[in-house]
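Written below as C-alpha cells is the structure these notes are about.
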Amino acid sequence: MPSATPSPAWDGRRPVTGTEAEATALLGWLTDPEAPRLCLVTGAPGSGKTALLGWLARHGPRSGRPRRRTARVLVPLAGQSALGATWTIADRLGVVARSPGDLVHALATSEARPAGRAVLLLTDLHAAAEPEALTRLIAELAGVGRVRLVVEARSDTPAPAVLRAERRVTLVDLDGAPDPDGGPERVADAPAGPARPLPDLSDPVAVCVADPLLVTTAYLAGAAAAGLPGTLDGPEAPARPGENAADDHGGLRAAWMRAGQSLCREQPPAERASVLLAALGDGADPRLRPALAELAEGSPWRLRWARHRGDLTPPWPGPVTVLGAAGGPLEGTLLVGDRTGAVRLLHEADASPAGSLAHTVPGRVTALAPAPDGTVLLLDDRGRLHTVRGAAPRAPYLERLTEAVSATLARHPGTALAAIAGSVVVGDRLGSVHAFGLRGLHQAASHSGRVTAVAAVDSETPFVCSGGADGTIRLWTPGRDPRPEPLAERPSPVVSVHATQTPHGPLVAAAWADGLVELRRPEGGRTLAFRPGPPVRAVAVTGAGSLLIGTDESLVCLVPRN
C-alpha cells in the first residue's frame, strides 16, 4: 500500500521540513468553525501529502497544556473498497453500518456522544480499489454535521475536481516535488510495495489470518465479476446451496459480508474465526464449520447455534426487535418479537418453532417481560402495558398489580419493561426507573436521558439492571440507594439489557448501539465481549448462562468457555 515513509529522525511532533505552511493552513482550518467541513490535500506524487495527514493525526497541544482535542481518525484508503472503508470508518466512529448509505444515515442520526466533532483523515484516495465510489461517499459524509474530513488525493486524479464541484472545500495544495538533493528532510509518499498475494478465499483459516480489508476487496471484486448484486448498497441475501456456489466460496463470502464490520476490526484470528463461524448460514459447505471451530478454540466463546435469513433447517425465525428467555411454565422457551408486532416462541435448545404468542397489541412491541407465572407483559410503541395471560389462573394480587401499572402507563408512557415475582419494573424517558411491587412503589433517578432497557433478577437480594441513552448500565435494589458507580459506561447508547440468575450467580447481558455486546457478572469477574457485525437489536441470557443476540437477520446463541 502507498504510505508515508518518514525519515528516522522525524518524531511526528512537528511538520516535516518544507510543509510548515501547509501544516499551519490545516490547523487554521481545523479551528475555524466557519470553514467548510471538507479539506482537500492535493499535490504531485512524492510531495508529502500522506505524511502531512500523519502529522495532523499525531499533533496535539504543547507540553503542559490540557490534552483535550477533537478526535482525529486516520483511515488509509489505499487498496480499499467502498464497503471496506465504510466498515472501518463506522467502527472508528462508534456506529454500525452495513453499506455506505447506512454510514451516512447513522452519522446523521446517531445518539453517540463523541468528544467533539470527529475529524476523519482519509489518505491515498487515488490508490483506493474503488476511488469513484469512495469519492461519492466522501461527498455525502461532508454533508453530515457530526464529522469533518481531510482527504488526500493526487492532483492529477479525478477526485479533487469531483469533490470541489460537489461541496465547498478548503484546498491545501502541496504542488511540488521532493527536494532536489533527495535527502530525508522532505517526507515523500512512498511508492507502492509489491502486491500482497490474495489468500485462498475458500479457505476459512486463510481468510481469518489475512488482512481483512484485502479479503473484503477480493470478495467484492469476485462478486462484481460474477454479476452478483448488492456489492455497493450492502451485503445481499446469502446464496442457497447450488446458487453461485463457486463465487460464494461455499457460503464463506456470504458469512463474511454478513459480519463484515466486526471481521475488519483488529483482533486475533481466533476471535475473527468465532465471529465468522457465528455468521455461517445453514447452506454453507459442511467442511467450513469444523475448520472455523478449531481456529476459534482460542476465543472466549463457543457457538451453540445460529439462525440466519435464508436458513431452512430449522427456519430463520425472522427479524428480532425484542427478545426474552422465559421461566416457569415456559421454561426452555424463547420469545422473539419482530417489527410487525408478532411474537414467536422458539425452543431454546435449537431455535426451532414452538408456536406464537396470542396477543392483540396494536403496532410494534418495544419490550416484553415473561413473568414467573407464565404471563407475558408487553410494552407497545406508545409506552402502554398489555398482558397476555398464561394457561394457569393468575393470583388476584398480581392482577391488581398489573392493572395498577397499566393505568399508570396510560398517563405516563414507559420506555422499558421487566418483571419478576410480585414486581413490574418500568423505565421512562426522563431517566427514572420505577419498581411497582406488592409493598408499594420504589423509584430511582438512574440515567441522564431516556431509559432504553431494564431487567430484574429474583435472587436472595433482588436487583434491577437498567441501561440508558447515556451509555451507562446501572444496578439498583429497590428500597435502597442505587449503586453510585455504573456497572458499565460507554460513549454509545444502550439498546438492550437482560439479566438472570444462573447456577454460578447472576449474569447481565448488554448491547450498545455501536454493535458491542457484553456479558458481565455484577459481583465481579471477567467481562466477555462479542460483536456480531450488524446492529444488535436485543440480547438475553438463559438460565444456563448462554448468551442470545438478535439482529435484523440473525439470532445467535453463544456459550462462554470456562
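The values are calculated or read from the model by the stated rules, or taken from the named source; none is laboratory data. This one's a predicted model, so the numbers in the text were calculated from it and none came from an experiment. In this analysis, Cβ positions are derived from the backbone assuming ideal geometry, glycine residues included, and neighbour counts consider all displayed protein chains. For the accessible areas, the whole protein counts, side chains as well, though only heavy atoms, and no ligand, DNA or RNA atoms are used. Shrake-Rupley method; radii C 1.70, N 1.55, O 1.52, S 1.80 Å.
Give me, ordered by chain and number, the residues 5 or more places off Leu174 or on other chains with an amide H under 5 Å from its own placed amide H.
The answer is Thr42, Gly43.
When only the heavy atoms of the protein chains count and the probe is 1.4 Å, how do Ser202, Ser459 rank by accessible area, highest first?
These residues rank, largest area first, as Ser202, Ser459.
Cut-off 17 Å, label point 7 angstrom out along Cα-to-Cβ of Arg382: give me the residues of region 358-372 whose amide nitrogen falls inside.
360-367
Pull out a ≥ b ≥ c, the square roots of the eigenvalues of the alpha-carbon gyration tensor of region 406-513, then state rounded if a/c is under 1.5, prolate if not and a/b is larger than b/c, and oblate in the remaining case.
It is oblate, given that a/c is not under 1.5 and a/b is not larger than b/c.
Once fully extended, how much extra length lies between Thr157 and Arg429, figured as 0.36 nm per residue of separation less the alpha-carbon to alpha-carbon distance?
So the extension gain works out to 92.9 nm.
Bin width 10 Å, origin at 0, all Cα-Cα pairs of region 248-324: what percent of pairs per bin?
Here the calculated profile for region 248-324 is 19, 51, 28, 3.
By how many degrees, between 0 and 90 and to the nearest 10, does the Cα long axis of helix 396-411 differ from the longest principal axis of the chain?
The helix 396-411 is inclined about 40 degrees to the chain.
Set Lys and Arg Cβ to +1 and Asp and Glu Cβ to -1, take the dipole of the chain about its Cα centre, and tell me which of Pro491, Leu26, Leu171 lies farthest positive.
After comparing all options, I get Pro491.
Where does helix 20-31 land angle-wise versus the long Cα axis of the chain, in degrees 0 to 90, nearest 10?
The helix 20-31 is inclined about 30 degrees to the chain.
Where does the chain land at 222 nm, in deg cm²/dmol rounded to the nearest 500, when only DSSP H runs of n ≥ 4 count, each adding -39500 (n - 2.57), divided by all residues?
Value at 222 nm, helices only: -7000 deg cm²/dmol.
Size of the dipole of the chain about the Cα centre, Lys and Arg at +1 and Asp and Glu at -1 on the beta carbon, nothing else charged, in debye to 20?
1680 debye
Stick to Cα atoms and the Kirkwood definition of Rh, then tell me Rg/Rh for region 374-456.
0.95
With a point put 7 Å past each Cα toward its Cβ, work out how far His504 is from Val209 in nm, to one decimal.
Here the answer is 3.0 nm between the modelled labels.
Excluding Thr415 itself, calculate the net charge of residues whose Cβ lies under 9 Å from the Cβ of Thr415, where each Lys or Arg counts +1 and each Asp or Glu counts -1.
Taking every other residue near Thr415 into account, the sum is +1.
Treat each spin label as a single point 7 Å out from the Cα along the C-beta direction, and report the Thr527 to Arg483 distance in nm.
Those two pseudo-labels are separated by 1.1 nm.
Helix 49-58 sits at what angle to the longest principal axis of the chain, using alpha carbons and giving 0 to 90 degrees rounded to 10?
Roughly 50 degrees between the two axes.
Would you please put 261-274, 405-418 in order of how densely packed they are, using the mean number of other Cβ atoms within 10 angstrom per residue and starting with the highest?
Per-residue mean Cβ counts within 10 Å order the peptides as 261-274, 405-418.
Sticking with the crude label model, points 7 Å out along Cα→Cβ, report the distance from Glu460 to Ala108 in nm, one decimal please.
5.4 nm
Bin by bin, in steps of 10 Å, what percent of the Cα pairs in region 457-562 do you find, going until the bin that has the longest distance?
Result returned by the calculation: 15, 50, 30, 5, 0.
Just the projected area, averaged over all directions, of the convex hull on the alpha carbon atoms of the chain: how many nm²?
28.2 nm²
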